[in-house]
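Report on the structure given below.
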Amino acid sequence: MKILIAVDDSAYSKAAMDWAKSMTWPARTEFLVLSAARPLVAAYAVTEVPALSYPAQVYEEELKHHEEISARYEKQLREHGFKTRALVAQGDPREAIVDAAREHAVDLILVGSHGRSGISKLVLGSVASHVVTHAPCPVLVVKLNARQTAEMKARVRS
């Protein structure tokens with residue numbers, strides 16, 4: 001079995017990773033750990049402003065950050081006894097996950113969910129919703145449990 005687990009630097013990815021590690025998977029299951037770096041968007045209000053060189057450097061740092069995220073989660077799964085591979089994609093995470101699932105012929109996609117609804121979902125979009133509706137294979141969405149949600153809210157308040 002080949003499982004693609006999409007991660008970022010959030011509590012939701014940690015919950016998905018914890019869930020994956022707690023399960024019993026078939027022998028020879030391989031995890032592909034994917035983190036996607038969104039492209040930088042730069043806009044100028046004045047046309048006379050010269051092009052800046054730092055966006056490329058900032059994006060390189062962003063890519064490095066996603067490589068570290070992917071490597072960190074890949075290491076956790078490997079240390080847990082799974083065959084693993086870390087991947088980093090450039091682009092919109094929604095499309096990157098679906099594209100990687102097709103490219104690597106995965107059997108299952110595992111994603112964490114922020115649980116957005118209403119206006120925030122409309123404005124910010126939902127990676128999990130997009131992946132569920134466009135994926136070429138089954139998708140398992142992991143949400144935070146009640147304890148994890150309470151801990152996260154407590155951290156935000158303090």
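Read-outs: derived from the displayed coordinates by stated rules, not from any lab. Model, not experiment: these values are computed from the prediction. When we count neighbours, we look across all protein chains shown, and the Cβ atoms used for this are built from the backbone with ideal geometry, even at glycine.
The distance between label points at Arg38 and His104 comes to 2.2 nm (points 7 Å beyond Cα on the Cα→Cβ vector). Taking a sphere under 9 Å around the Cβ of Ala36 and counting the other residues whose Cβ falls inside, with K and R at +1 and D and E at -1, yields a net charge of -1.
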